[in-house]
Structures are given as structure tokens and as C-alpha cells.
């Protein structure tokens with residue numbers, strides 16, 4: 001029988017040493033841009049089959065962080081990520097465990113742990129661009145979106161660079177909000193939007209009051225167990241890593257004039273202005289002029305870009321640098337979200 005030769009028993013192989021194989025990130029993943037979208041998002045795509053995105057991301061976490069701080073949005077496409085568990089592994093590889101959804105304003109369903117549906121908002125309505133939790137004292141610095149099932153039509157997640165949004169604004173508008181800040185007024189339990197029990201995830205008034213006290217929120221209990229809150233926040237924020245000033249707020253998103261006309265007219269017919277489910281003002285409580293609101297909306301819409309989702313896509317955005325929204329859609333759509341790396345306003 002012909003014996004099998006090994007390095008141990010064959011002198012011809014004694015000088016050969018096994019060398020470790022080092023695969024650079026470029027050998028497994030390439031960067032590119034979508035057609036007609038030269039800025040954001042930067043696209044990461046595998047150059048071969050069966051690249052494990054979670055493992056690759058863990059090995060290249062620092063490089064991805066640097067890329068995100070420059071671009072503000074990264075689309076990971078073609079890695080074959082399937083389901084909430086695999087999505088969660090990618091999130092944890094890059095950011096650790098996702099945070100819970102607190103101080104809620106949007107209807108979402110928890111899928112597992114810190115993984116939620118991106119929104120349960122009606123399919124026939126658009127969601128205006130905004131930065132997640134910009135009304136809060138603590139907010140996620142990163143958002144991960146995962147396309148489990150793209151819609152038959154529509155359902156894109158438009159994104160916009162908030163540096164460029166800020167640059168578009170007239171100096172007069174910038175100065176007004178830099179001086180006055182902005183106010184978010186919210187009425188819970190009015191038959192529209194979330195109840196305070198859902199928003200604060202408690203049935204205890206004491207816990208709500210404690211949360212409000214710790215987060216610079218004025219509160220007022222109304223008849224029937226209803227709640228009104230007011231909170232004043234800066235309209236801009238300085239990014240803690242890149243040092244740039246960003247437009248970071250929900251001024252446009254929650255203003256009554258931004259709603260679809262039919263929804264707006266219905267609410268105004270039913271509620272006094274002070275009792276509207278959501279509205280925004282200058283920080284001193286004075287109304288924001290209509291021409292200002294129109295310019296704010298135009299700044300977002302002129303900067304936003306969107307792309308059709310594909311199954312398995314993961315979109316990672318810097319929540320301070322990049323706003324997000326949602327287009328109306330037809331058919332079934334399942335997009336999940338994870339919020340990570342919380343920071344507070346004192347960090348910025």
C-alpha cells in the first residue's frame with residue numbers, strides 16, 4: 001500500500017511552514033454607490049458568495065465606524081441576511097445590544113429584544129423625514145433598518161443629510177431657532193396617536209411624572225386621566241465625532257401643517273389647537289410662520305434620496321447626520337429597526 005506523506009514523516013516537506021491566511025476587507029467586500037446617488041448611501045457588497053456579514057462586520061468594525069462618520073449612511077446589500085435573528089447578529093457585531101424603544105411616538109411592534117418593526121403606520125400614508133428621538137434628552141446615535149420583505153410598490157425609506165438640510169435654510173430661520181429653540185406639545189389619550197400608557201410603557205402616573213422630571217418635560221394632567229406634555233429642545237446639535245452643526249429636531253415632522261390635508265382638516269375640526277395630539281412651536285410658545293414651515297419642508301425634500309428595498313438589505317445610518325422617512329406602499333412590507341449607541345444632549 002502506498003503510504004500517505006505528511007510534513008512530519010517526509011523530509012522533503014520539513015522546510016515548509018503553514019502560513020496564516022489574511023483576507024483584507026477588500027477581498028471580501030467592495031464599496032460602491034447606487035446609480036444616480038453619488039453621496040449617500042455608500043453601498044457595501046460581497047465580492048463572493050457566502051460572506052458572513054456579522055463575522056465580517058465584527059472584524060472590520062472600526063473601518064465601518066470611520067466610513068459611517070464620513071458618509072452618514074451605509075447600505076449593506078447582497079449578503080443574504082435572513083430574519084430577525086441574523087439581523088440582530090449584525091447589529092450586535094457593530095454596536096452591541098440594541099436599546100429599548102422608550103418615550104414612544106410611533107406605533108411599533110416588538111419582534112424580539114430590541115428589534116422592532118420600523119413602524120406600524122398605515123400603508124397609504126407617508127412619514128416625513130426626521131431624526132429618531134430628536135425630541136428626547138437621550139437618543140440613539142445609530143439606526144439599523146432591515147428589509148425582511150419589500151413592498152410590491154413603494155415603501156422606500158428616504159434619507160437626507162442633515163448638514164445639507166441646515167445649509168439650505170435662510171440665515172433668518174437659522175437665527176430664530178438658534179435663539180428660541182423649539183417646543184413640542186403633545187396630548188395623549190385623545191383618540192389619535194399613542195396613549196400615555198403606551199408612550200411611557202407604564203400605567204403609573206408617578207413613573208410618568210418622574211420620567212418627565214428627569215428629562216426636562218413639563219406635564220399637565222387633564223380631566224379623564226388625559227396628559228399634556230411640553231418640552232423645549234435645541235433645533236441643532238453639534239456632532240460629537242465630526243464637530244459639525246446638524247439640523248436635528250422634529251419641528252417639521254410634528255407640525256400640524258405637515259400632515260396630509262384630509263388628516264389635518266379632520267383634527268382641526270375636532271380639537272382646539274392646544275389639544276391637538278401633536279404640534280410644534282418656537283421655544284417660547286409662539287407659532288411658527290407658514291412660510292418658515294414651507295421652507296423647512298422644502299429643505300428636507302430637496303435633499304432626500306431613496307432607493308427600492310431588496311430582501312436582505314441592511315441600512316445603517318448615523319441618526320444625527322441622516323434623517324429618515326417612509327414612502328406609502330402597496331402590498332405586504334416588513335422592515336425591522338434596531339436603535340443603538342444612545343447618547344445624551346450633554347454629550348453633544
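The values are calculated or read from the model by the stated rules, or taken from the named source; none is laboratory data. Since we're looking at a predicted model, the values are computed, not measured. Here the Cβ positions follow ideal geometry from the backbone for every residue, glycine too, while neighbour counts run over all protein chains shown.
Observations
- So residue 207, is it exposed (fewer than 15 other Cβ atoms within 10 Å of the Cβ), without any contact (Cβ under 8 Å) to a residue 24 or more places away in the chain and within 28 Å of residue 323 (Cβ to Cβ): no
- Flag for residue 177 being in a helix (DSSP H, G or I) and over 30 Å from residue 269 (Cα atoms): no
- Candidate set: segment 212-241, residues that are surrounded by 13 or more Cβ atoms within 10 Å (Cβ to Cβ) and touching a helix residue (DSSP H, G or I) at 6+ places or on another chain (Cβ under 6 Å); chosen: the one farthest from residue 320 (Cα to Cα): 227
- Verdict on residue 137 being more than 18 Å from the chain's Cα centre (by Cα), closer than 26 Å to residue 321 by Cβ and touching a residue at least 24 places away in the same chain (Cβ under 8 Å): no
- Qualifying residue in segment 146-156 (condition: within 18 Å of residue 304 (Cα to Cα), in a helix (DSSP H, G or I) and within 17 Å of the chain's Cα centre (by Cα)): no
- Of residues in segment 66-115 being surrounded by fewer than 16 Cβ atoms within 10 Å (Cβ to Cβ) and under 14 Å from residue 341 (Cβ atoms), the one modelled with the highest pLDDT: 69
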